[in-house]
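See below for the structure under consideration.
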Amino acid sequence: MVTPSKGKIPGADAPGLLAEKLSDALLSERVVPRFVDSYVIEHGRYGLQVHAGLYRDLLTLLQREALIAVSVTALDLANRGELFPTSKKPLPLKRKEAAEFRKKFVSALTRKHRWNAGQALEFQSDLQMYEDILARAASPRRSRKPFEAANHPFVDRCAFLLDSSFLEKARLAASHALTDLETLTANTAAKSISA
């Protein structure tokens, strides 16, 4: 187990390792293609899959949104100190430690996905937007009901990209996908940090 040392970010390579494992898990678990395919079948929206090029573009856009969502969740876990278990309750990272963790995490994602400077800045901008929206809408953590759509930027953006003409159905499906992404993030983080 990695234990935090006073004044330093636990495990110098932890942000890079986490970024790599999350990216790999997102692809290998096929959360986004399963989400889209199940939406198409459940609601009879076969038109979303008719044109291979458009379908591929849709999956690419939704995959990017999913990467942002898992990144926000992972950074939140790190900031709350839940990635680095100790014998006591989790200790949140200090502001400077959290900023350093975030910087290393985003740098590792940039290397992993071979983004150029513009793509990396665009990802950071969207990541910051997600974090700002979630900070403003901060409410006590409670589990969502199965029929309730999450109040999360991933849900709104994915619903609009997926099927803007059936927005509420798409929001509910995106909310279920978000739950899968949060579970994937927690499990992957636990495995990669404890390794």
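Computed from the coordinates by the stated procedures, all read-outs in this text should not be read as laboratory data. Note that this is a predicted model, so its numbers are computed, not measured. Cβ coordinates were reconstructed from backbone atoms using ideal geometry, including for glycine residues, and neighbour counts include every protein chain displayed.
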Q. Of the numbered conditions (1) touching a Pro at 6+ places or on another chain (Cβ under 7 Å); (2) within 17 Å of Cys158 (Cβ to Cβ); (3) of a type outside the set (D, E, K, R), Asn79 satisfies every one except a single condition; which is it?
A. (2)
Q: Please name all residue pairs, on different chains or six or more residues apart, with Cβ atoms under 8 Å, provided the first residue is in region 157-179 and is surrounded by fewer than 17 Cβ atoms within 10 Å (Cβ to Cβ) and the second residue is not in a helix (DSSP H, G or I).
A: Phe166/Arg45; Glu168/Ala149; Thr179/Arg144; Thr179/Ala150
(Q) Please verify whether Leu77 is in contact (Cβ under 8 Å) with a residue 60 or more places away in the chain, aliphatic (A, V, I, L, M) and either within 22 Å of Leu184 (Cα to Cα) or part of a helix (DSSP H, G or I) (or both), treating the condition exactly as stated. (A) yes
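Given the criteria within 24 Å of Ala173 (Cβ to Cβ), in contact with an Asp or Glu (Cβ under 8 Å, 6 or more places away or on another chain) and not aromatic (Phe, Trp, Tyr), does Val50 qualify?
The answer is no for Val50.
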